[in-house]
Amino acid sequence: MSQSKQARAPKILRRRTRRDDLPEEIVLEILARLPVKSLLKFRCVCKTWYSYITNPNFISTHLLCYNNNHDGGYVIHMPKATFSMAYFHLPHSQICTLAFDRTFETISEFRIPFTFESGYPSLVGSCNGILCFTDFIISKSKDVYLWNPSIRKFKRLPDTCLTQLRTLVIGFGYDSQSNDYKVVRISQTRVKDVLAREVEVYSLSSDSWKRVGLGVSWTPNAFSFSFNGILAFPFVSGHLHWMIEMTEEGGGQERRFTSMILSFDVNSEKFKELPLPDDEGSFIVTKCVTSFKGKLALIKFGYGVQPHSMLCSIWVMKEYGVLDSWNKLCVLPVDAFIDFTGFTNYGILLIRNMPRLVSTNCELERKYKSVLIDPETLNENEISIQVNYHLDVATYMESLALLDGANVVFH
Amino acid sequence: MSNTSENPKPSSSSAKMTLKTSDNELFEVEEAVAMKFCTVKQYFEDEKDSDVAARGSTTVIPLPNVHSAVLATLISYGKKLPQSNAVADNHEEEETKKKERKKYEQGLLKNLMPGELLDLISAANYLDFKEGLEFFNQALADHIQNKSVEYVRKFFGIKNDYEPHEEEKYREEYAWAFEGVDED
């Protein structure tokens, strides 16, 4: 009886396999588990392996497989350029630190391989292991760089296609539908009383900028983008987001202040408005958008019932685009003047508390305490490193993105 | 000479199946473990459909592509996996089991020759043993991670089809990636 079954049961019927009979899908699965350093090396094994490793589908598979394979992930952080830093001409170290994202324990440090005219790099965003930087002092230089630190390659973007670039807002995202990386820049210039807004989009696959329309139809006279120190251009659900505060000059002395979230779909390259959750009426000092565990989040700072108690409420948009799905995650009481750095991939928030004067050896020292807070459990963990400055934090992933391409530079 | 597995625990399914390897060794395996080999599972389900009387232990399932030493390891690994029909453990029990499994896995890998990994992967692929395949693929990836290009070619039996100057170009491009290579 068993003889007649033999033809049906085994899916891959072959003799005892020799080494070179290992099927392609198995080889790919093994390769997908290797760090990029090994993959760069093994491109030399043979031409077949070269084509496996450089194939865009493999690059995407590897990105997911390798980076999900470990307990906990990694972050890259660097000192954040600030206006006071620039004002006092304090030098920026140009050093990035690689650390574990659960504890911020340092793994290694390396230099940013390109420089900006002002000397102050500004992190725009990170996608799939690629970091995007621009000059913090926009008036000095409009250079934009894409950098993949895991393969030590960076690229300077070509110059703008717009006539003028002022009051820049910028964002960096990944278009999964066309496997392309894009950078968006919005420029707003005011000539006399006329406001001109222009938008351009860069696509890595075409290695060029092109104009797109803003398209959002509303007629306030002015709007400004608010930056609150947190990476304020979150990339969520294929869209980039910016918080916009608008003033509308009504009749007489009236001025209406409204806010909204401007979203940009990286695939269709269209802008839209996203609704904010209803204000509870508490006095809101400031707010900004960010991302929390892959969802759009809103952080509002305001005063609570007691006049000197500052509260921070964190809202999450559970279902992208749906107003009703704004959900208040938690409310944290905060000391004044704390620095929220942002959420890591696992939804942990890094906060740097106001420096406390501590007496050590008869001298007063400023000690900064940095904690990681889990907004869902409100657990706090102090991190081991001493951070005396604001931080830009980005997720670090091992990725082969940016491997080939025009004008890509090794370092 | 047949090679029987341990007596099954009274709580789990006591149905057993017999697997016959390429070198004609017989392995008696609990159904729960054997079902993790999807190829076997498919065979068994086909069997069930056709002849109700001839179930489990009376049928010998032939595995002409798997050697006994390899099957023994795969069965041993399969037994250590959380059983799908097991009673749910509380958190503590789960953690202890996890630690035990990690220790077992480390011991297993220590005693394996690298060449055996390839046989285990081939067999796990043939048997459609998902967890085993993941585990041994990862083990192989960890093994070759820091090895030289020459080692990898020899290991997989791959012929170098590059011209020397082409290969040199790629090596120069990412010289830093070639640093820190293990001794073969």
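Return the residues of segment B:155-184 that are in contact (Cβ under 8 Å) with a residue 12 or more places away in the chain, more than 23 Å from residue A:411 (Cβ to Cβ) and surrounded by fewer than 17 Cβ atoms within 10 Å (Cβ to Cβ); say none if nothing qualifies.
Answer for segment B:155-184, where residues must be in contact (Cβ under 8 Å) with a residue 12 or more places away in the chain, more than 23 Å from residue A:411 (Cβ to Cβ) and surrounded by fewer than 17 Cβ atoms within 10 Å (Cβ to Cβ): B:182, B:184.
Failed condition for residue A:119, given (1) outside any strand (DSSP E or B); (2) closer than 30 Å to residue A:239 by Cβ; (3) not polar (S, T, N, Q), with all others met?
Failing condition for residue A:119: (2).
Return the residue satisfying two criteria in turn: it lies in segment B:115-133 and is facing another protein chain (nearest Cβ under 8 Å) and over 21 Å from residue B:153 (Cβ atoms), and of such residues it is surrounded by the fewest Cβ atoms within 10 Å (Cβ to Cβ).
Filtering segment B:115-133 for residues that are facing another protein chain (nearest Cβ under 8 Å) and over 21 Å from residue B:153 (Cβ atoms), the one surrounded by the fewest Cβ atoms within 10 Å (Cβ to Cβ) comes out as B:128.
Being on the phi < 0 side of the Ramachandran plot, in a loop (DSSP other than H, G, I, E, B), at pLDDT 85 or above and buried (at least 16 other Cβ atoms within 10 Å of the Cβ) is the requirement here; does residue B:70 meet it?
Criteria not met by residue B:70.
For residue B:84, which of the numbered conditions (1) at pLDDT 80 or above; (2) within 24 Å of residue B:17 (Cβ to Cβ) fails to hold?
Just one mismatch for residue B:84, condition (1).
All but one of (1) more than 8 Å from chain A (Cβ to nearest Cβ); (2) among the aliphatic types (A, V, I, L, M); (3) assigned to a helix (DSSP H, G or I) hold for residue B:112, so report the exception by its number.
All conditions pass for residue B:112, except number (3).
Can you confirm whether residue A:33 is at pLDDT 85 or above, of a type outside the set (A, V, I, L, M) and either crowded, with 19+ Cβ neighbours inside 10 Å or over 15 Å from residue A:401 (Cα atoms) (or both)?
yes
Can you go through A:116, A:133, A:100, A:110 and tell me which one is under 29 Å from residue A:179 (Cα atoms) and within 14 Å of chain B (Cβ to nearest Cβ)?
A:110
For residue B:141, all conditions in the list (1) more than 25 Å from residue B:23 (Cβ to Cβ); (2) more than 8 Å from chain A (Cβ to nearest Cβ); (3) crowded, with 18+ Cβ neighbours inside 10 Å hold save one; what is the number of the exception?
(2)
Restricting to segment A:134-162, name every residue that is of a type in the set (A, V, I, L, M, F, W, C) and farther than 22 Å from residue A:36 by Cα.
Matches in segment A:134-162: A:136, A:137, A:138, A:144, A:157, A:161, A:162.
In this structure, does residue A:233 turn out to be at pLDDT 85 or above and within 22 Å of the chain's Cα centre (by Cα)?
It is false that residue A:233 is at pLDDT 85 or above and within 22 Å of the chain's Cα centre (by Cα).
Determine whether segment B:115-124 contains at least one residue that is of a type in the set (Asp, Glu) and under 18 Å from residue B:37 (Cα atoms).
yes
Take the residues of segment A:236-277 that are modelled with pLDDT of 75 or more and among the small types (Gly, Ala, Ser): which is farthest from residue A:203 (Cα to Cα)?
Among those that are modelled with pLDDT of 75 or more and among the small types (Gly, Ala, Ser), it is A:259.
For residue B:53, indicate whether it is exposed (fewer than 14 other Cβ atoms within 10 Å of the Cβ) and modelled with pLDDT under 85.
Yes.
Could you count how many residues in segment A:124-141 are assigned to a loop (DSSP other than H, G, I, E, B) and either touching a strand residue (DSSP E or B) at 6+ places or on another chain (Cβ under 7 Å) or at positive phi (or both)?
Final tally of qualifying residues: 4.
Condition first: away from chain A (no Cβ under 12 Å), outside any strand (DSSP E or B) and either over 18 Å from residue B:124 (Cβ atoms) or out of contact with any Lys or Arg (no Cβ under 7 Å at 6 or more places or on another chain) (or both). Now tell me which residues in segment B:16-42 satisfy that.
B:24, B:25, B:31, B:32, B:34, B:36
Tally time: how many residues in segment A:85-116 are hydrophobic (A, V, I, L, M, F, W, C), surrounded by 14 or more Cβ atoms within 10 Å (Cβ to Cβ) and either at pLDDT 85 or above or in a loop (DSSP other than H, G, I, E, B) (or both)?
10
For segment A:20-84, give me every one of the helices (runs of 4 or more DSSP H) that falls completely inside it and has 3 or more residues that are in contact with a Leu (Cβ under 7 Å, 6 or more places away or on another chain).
Of the helices (runs of 4 or more DSSP H) lying wholly inside segment A:20-84, those with at least 3 residues that are in contact with a Leu (Cβ under 7 Å, 6 or more places away or on another chain) span A:47-54, A:56-67.
Test residue B:155 against the criterion of being of a type in the set (Phe, Trp, Tyr), part of a helix (DSSP H, G or I) and within 9 Å of another protein chain (Cβ to nearest Cβ), and give yes or no.
Spelling it out, residue B:155 is indeed of a type in the set (Phe, Trp, Tyr), part of a helix (DSSP H, G or I) and within 9 Å of another protein chain (Cβ to nearest Cβ).
So in segment A:364-382, with the set limited to residues that are assigned to a loop (DSSP other than H, G, I, E, B) and modelled with pLDDT of 75 or more, which one is surrounded by the fewest Cβ atoms within 10 Å (Cβ to Cβ)?
My answer is A:377.
Can you confirm whether segment A:108-118 contains a residue that is of a type outside the set (A, V, I, L, M), in contact with a helix residue (DSSP H, G or I) (Cβ under 9 Å, 6 or more places away or on another chain), over 27 Å from residue B:137 (Cβ atoms) and free of Cβ contacts under 8 Å to residues at least 60 places away in the same chain?
yes
Out of the residues in segment B:92-138 that are of a type in the set (Asp, Glu) and touching a residue at least 24 places away in the same chain (Cβ under 8 Å), which is farthest from residue B:66 (Cα to Cα)?
B:105
Restricting to segment B:162-178, count the residues that are within 19 Å of residue A:31 (Cα to Cα) and either more than 9 Å from every other protein chain (Cβ to nearest Cβ) or within 32 Å of the chain's Cα centre (by Cα) (or both).
2
The values are calculated or read from the model by the stated rules, or taken from the named source; none is laboratory data. Keep in mind it's a predicted model, so treat the numbers as computed, not measured. Glycine also receives a Cβ, built like all others from the backbone with ideal geometry; neighbour counts cover every protein chain displayed.
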